[in-house]
Amino acid sequence: MRFYIDDLPVIFPYDYVYPEQYQYMCGLKKSLDSRGHAMLEMPSGTGKTISLLSLIIAYQQFYPGRRKLVYCSRTVPEIDKALAELKRLMEYRRSQGCEDKDFLGLGLTSRKNLCVHPRVSKERKGTVVDAKCRQITASWVRNKAKTEGNIEVCDFFEKLQALEATELLPTGVYTLDDLMDYGRTSGMCPYYLARRVIPFADVIIYSFHYMVDPKVAEMVSKEFEKDSIIVFDEAHNIDSICIDSLSIDLNQRTLRASTDSVERLTERVEEMKSQNSEKLRDEYERLVDGLRDALAAREEDLILANPILPDKVLHEAIPGNIRKAEHFVRFLKRFIEYLKARMRVMHVVAETTPSFLQHIKEITYIERKPLRFCAERLASLVRTLEITDLEEYGALAKVAAFATLCATYDTGFMVLFEPYESDHSTVPNPVLHLACLDAAIAIKPVFQRFHTVIITSGTLSPMEMYPKMLNFVPIVQESLTMTLARQCFAPLVVTRGSDQVTMSSKFEVRNDPAVVRNYGNLLIEMARAVPDGIVAFFPSYLYMESIVAMWNENGVLKDVWKHKLIFVETPDAAETSVALQNYRTACNNGRGAVLLSVARGKVSEGIDFDHNYGRAVIMFGIPYQYTESRILKARLEFMRETHQIRENDFLTFDALRHASQCIGRVLRGKTDYGLMVLADKRYSRSDKRSKLPKWINTCLTETSLNLSTDMAVALTRKFLNLMAQPFDMQAQLGVSMWANEHIVQHGGRGDIVSNAVAAIDGAAGIEAMEVEEVF
């Protein structure tokens, strides 16, 4: 269908549009018009991705300037799904007569996922693929190969280098598989091909880290124009991603490996001094002029990146005491020995970065400035020494990044020495944490550099928290509800068992036999009443293990097995994948299954349980973080002092966004249906409920609050009976689905001529829309 938002003609690749999709696109356009940032929350399963792409592509093609879209997603399957949506959209636009000349859309992921080299691509570990790739693509290896015949180079990379960037890739949309197929047939490396053509692409889809993590962003995202449109999809955890990208943990194993790396560097420096001392002298001269010139190598040789992005630092001359290679190696050795000495402590030490730097200065006379240049200086030396096997130097790169971050930021970080790896460990294994406390540090360059940054997800509530944590001002901030012709999901808050004993995962009562028994009875009753698949989430792996062990002892699992098979998520990704596959098989063959999972685990983030794969989701308890974590305590204190966010407000916000993410897995569209069971007394409190997304909160009525197990089962049966009744898809027209005339009725402009309401079966349009959200 075709409709207008203000003067903008939007081509939408389905016969109908949901009202919330139209409102979402209106919010997007407002943000693009004002060249400001936006926060948009849209219900799960309502076609967020296709709405976003349809509006932005229409905007891109209609207005002069053709602003580039950079779409950031979390996982490779989500990246591929977005690329498939984009491909289908562009094919539909072509069928509607849109020219879209020279349009190029593609995705980028790691070498491991894109390599087509017959030997290198067989490696399973990403770091090994990276190292072997560099061994046959580095500029000095290729230069040697020209004079020495026995050196292997990558033929795919060589062909790529022989062509101009504008000649590499025909226009069109390429999924990751399309890119690899093109690489094989054309004989060019898909990974470096994507890197080369990114500046010319209209749409780029890749991971959050390529935009937020400074170590990667400098290599991949530095050439984007200021008016590019940046989208972070499924961004409910964006603050955690920002913090993780700038946090570093060092243990004794890392420091031992760093010492070995320093010894190897010393040998390489001595070897080069005896064989080719001019290279070291040239590097020294470049370092006098500034680090940026020293690293003005081709992009494929920038193999150790700076963990920060301070351009003013990169134009300074490097401190004299680490300019010479041998001086810098000795400097690194001294710093590592200091860290080893500090990690011999048998008690917890927490300090600010200025305090840590002051202690270094007093003990070792190491100044702040050379530490600040550590990461860049190491990158320069690695390139000068022509080192390609960087896996051996990974630990040393972490130490250098640690030094650079410590010496760059006075606030927003904490240095923490802990003698034990965890609170449950009995054998000392010291860990040194450099914990980033301020999520705004990593994303600040993105907000400063680009006019429009859009943060969107199905679970952003309460929305006022993100602008504080990320330190930005959104022009548009909207939370949309789901329009429904029938109530296809039912949130239930179960607060007590049939014996009236309160249910809760609060620490004081979580292992109480009565609570465990009531949680087990709830699962048994749900397994008996609900067909097909049930997904149950627990606050942590530890809690899930203890509950399942107690269920096994008191016979709960046997009772559940009478109705459904049981599968369990584990921390091991391979085991979880097998469990998921078998769970889906059990749902497909009619046996039914229960999947026991963990909030914040793999299953809760990005895996959809549409239709028969998830007729009910049970959230056992509230998934609060482990509040005794010293790093979490430091972050809470930082947010209280800097952003005036109270500890309890943040902890509740964080727990409920993860709970919302878990229960949102059950609904993948308006033809889907499912139950959302929140099993904890605390969910019935208004201060907790208010932090749930608006589209869930509006469906929590008085009749679905404060339920016992038997009341919840009765409501479950009633809901499932209702969902089993025939439903006329045409009844959704004008209510939860709009054709062009409905858009006109609500104040918009529809292209009535192109409307095909009378000729098209409504159900086909809806079912097609669901494809975007299916696993």
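Assess whether T171 counts as being open to solvent by 30 Å² or more (accessible area, probe 1.4 Å) and modelled with pLDDT under 90.
No, not satisfied.
Go through the residues of segment 553-563 one by one and say whether even a single one is of a type in the set (K, R), in a helix (DSSP H, G or I), under 24 Å from P462 (Cα atoms) and open to solvent by 10 Å² or more (accessible area, probe 1.4 Å).
No, that holds for no residue.
Taking the stated definitions as given, is R584 among the charged types (D, E, K, R), more than 22 Å from A679 (Cα to Cα) and part of a helix (DSSP H, G or I)?
Judged against the criteria, R584 is a match.
All but one of (1) in contact (Cβ under 8 Å) with a residue 12 or more places away in the chain; (2) charged (D, E, K, R); (3) under 26 Å from S498 (Cβ atoms) hold for K558; state the number of the condition that does not hold.
It is condition (1) that K558 fails.
Cβ-Cβ below 8 Å, separation at least six or inter-chain, first residue in segment 15-44 and closer than 12 Å to T452 by Cβ and free of Cβ contacts under 8 Å to residues at least 60 places away in the same chain, second aliphatic (A, V, I, L, M) and not in a loop (DSSP other than H, G, I, E, B): which pairs?
K29/I5; K29/L8; K29/L55
Could you look through segment 22-55, keep only residues that are more than 14 Å from F232 (Cα to Cα) and among the hydrophobic types (A, V, I, L, M, F, W, C), and pick out the one that is nearest to the chain's Cα centre (by Cα)?
Checked segment 22-55; the qualifying residue nearest to the chain's Cα centre (by Cα) is I50.
List the helices (runs of 4 or more DSSP H) that sit entirely inside segment 186-283 and contain at least 2 residues that are among the basic types (K, R).
Answer list for segment 186-283: 190-197, 252-275.
Please state which one of S690, S708, S684, S660 is in contact (Cβ under 8 Å) with a residue 24 or more places away in the chain, open to solvent by 10 Å² or more (accessible area, probe 1.4 Å), within 24 Å of I524 (Cα to Cα) and of a type in the set (G, A, S).
Answer to the check: S684.
Quickly run through segment 39-55 and pick out the residues that are closer than 26 Å to K444 by Cα and either surrounded by fewer than 23 Cβ atoms within 10 Å (Cβ to Cβ) or of a type outside the set (A, V, I, L, M) (or both).
Across segment 39-55, the qualifying residues are E41, K48, T49.
Out of the residues in segment 131-162 that are outside any helix (DSSP H, G or I) and in contact (Cβ under 8 Å) with a residue 12 or more places away in the chain, state the one that is surrounded by the most Cβ atoms within 10 Å (Cβ to Cβ).
Result: C154.
Please find, among L675, L636, L651, the residue that is among the hydrophobic types (A, V, I, L, M, F, W, C), in contact with a Ser or Thr (Cβ under 8 Å, 6 or more places away or on another chain) and part of a helix (DSSP H, G or I).
Among L675, L636, L651, only L651 is among the hydrophobic types (A, V, I, L, M, F, W, C), in contact with a Ser or Thr (Cβ under 8 Å, 6 or more places away or on another chain) and part of a helix (DSSP H, G or I).
Of the numbered conditions (1) at pLDDT below 90; (2) farther than 17 Å from I455 by Cα; (3) buried (at least 19 other Cβ atoms within 10 Å of the Cβ), Y192 satisfies every one except a single condition; which is it?
(1)
Search segment 621-640 for residues that are free of Cβ contacts under 8 Å to residues at least 12 places away in the same chain and pair each with any residue that is surrounded by fewer than 18 Cβ atoms within 10 Å (Cβ to Cβ) when their beta-carbon atoms are under 6 Å apart and the residues are at least 6 apart or on different chains.
Within 6 Å, the pairs are L632/Q625.
Could you say whether any residue in segment 406-420 is under 29 Å from T137 (Cα atoms) and either surrounded by fewer than 19 Cβ atoms within 10 Å (Cβ to Cβ) or in contact with a Ser or Thr (Cβ under 6 Å, 6 or more places away or on another chain) (or both)?
no
Can you confirm whether segment 611-630 contains a residue that is open to solvent by 20 Å² or more (accessible area, probe 1.4 Å), of a type in the set (V, I, T) and assigned to a helix (DSSP H, G or I)?
No.
Of the residues that sit in segment 584-606 and are in contact with a Ser or Thr (Cβ under 9 Å, 6 or more places away or on another chain) and over 27 Å from V515 (Cα atoms), which one is surrounded by the most Cβ atoms within 10 Å (Cβ to Cβ)?
It comes out as E605.
Yes or no: segment 665-679 includes at least one residue that is modelled with pLDDT under 95 and over 28 Å from F727 (Cα atoms).
no
Out of (1) hydrophobic (A, V, I, L, M, F, W, C); (2) surrounded by fewer than 24 Cβ atoms within 10 Å (Cβ to Cβ); (3) within 30 Å of L160 (Cα to Cα), the odd one out for L8 is which?
(3) is the only condition that L8 fails.
Regarding R344, is this residue of a type in the set (K, R) and either within 30 Å of E218 (Cβ to Cβ) or under 33 Å from the mean Cα position of the chain (by Cα) (or both)?
no
Kindly indicate the residue of segment 500-537 that is among the polar types (S, T, N, Q) and open to solvent by less than 10 Å² (accessible area, probe 1.4 Å) and also farthest from Y683 (Cα to Cα) among those meeting that condition.
Among them, the one singled out is N518.
Can you tell me how many residues in segment 571-583 are open to solvent by less than 40 Å² (accessible area, probe 1.4 Å) and either out of contact with any Phe, Trp or Tyr (no Cβ under 6 Å at 6 or more places or on another chain) or without any contact (Cβ under 8 Å) to a residue 24 or more places away in the chain (or both)?
Qualifying residue count for the region: 3.
Go through segment 512-543 residue by residue and tally those that are of a type in the set (F, W, Y), at pLDDT 95 or above and part of a helix (DSSP H, G or I).
Residues in segment 512-543 being of a type in the set (F, W, Y), at pLDDT 95 or above and part of a helix (DSSP H, G or I): 1 in total.
Consider segment 89-100. How many of its residues are under 20 Å from Y182 (Cβ atoms), assigned to a loop (DSSP other than H, G, I, E, B) and either open to solvent by 30 Å² or more (accessible area, probe 1.4 Å) or without any contact (Cβ under 8 Å) to a residue 24 or more places away in the chain (or both)?
Counting residues in segment 89-100 that are under 20 Å from Y182 (Cβ atoms), assigned to a loop (DSSP other than H, G, I, E, B) and either open to solvent by 30 Å² or more (accessible area, probe 1.4 Å) or without any contact (Cβ under 8 Å) to a residue 24 or more places away in the chain (or both) gives 0.
Would you point out which residue out of M482, M550 is touching a helix residue (DSSP H, G or I) at 6+ places or on another chain (Cβ under 6 Å), open to solvent by 40 Å² or more (accessible area, probe 1.4 Å) and either more than 29 Å from S457 (Cα to Cα) or not in a strand (DSSP E or B) (or both)?
Exactly one of M482, M550 is touching a helix residue (DSSP H, G or I) at 6+ places or on another chain (Cβ under 6 Å), open to solvent by 40 Å² or more (accessible area, probe 1.4 Å) and either more than 29 Å from S457 (Cα to Cα) or not in a strand (DSSP E or B) (or both), namely M550.
Counting just the residues of segment 242-263 that are of a type outside the set (V, I, T) and touching a helix residue (DSSP H, G or I) at 6+ places or on another chain (Cβ under 7 Å), which one comes out nearest to P467 (Cα to Cα)?
Looking at residues that are of a type outside the set (V, I, T) and touching a helix residue (DSSP H, G or I) at 6+ places or on another chain (Cβ under 7 Å), I get C242.
What are the residues in segment 106-129 that are touching an Asp or Glu at 6+ places or on another chain (Cβ under 8 Å) and not hydroxyl-bearing (S, T, Y), if any?
If the condition is that a residue be touching an Asp or Glu at 6+ places or on another chain (Cβ under 8 Å) and not hydroxyl-bearing (S, T, Y), then G107, R111, K112, V128, V129 are the ones that fit.
Against the definition (among the acidic types (D, E), within 19 Å of the chain's Cα centre (by Cα) and closer than 22 Å to P467 by Cβ), how does E78 come out, yes or no?
No: the conditions fail for E78.
The values are calculated or read from the model by the stated rules, or taken from the named source; none is laboratory data. Just so we're clear, the structure is a prediction, and the values are computed from it rather than from any experiment. Backbone-built Cβ (ideal geometry, glycine too); neighbour counts: all protein chains shown. Calculation scope for accessible area: heavy atoms of the full protein, side chains included, ligands and nucleic acids excluded. Shrake-Rupley method; radii C 1.70, N 1.55, O 1.52, S 1.80 Å.
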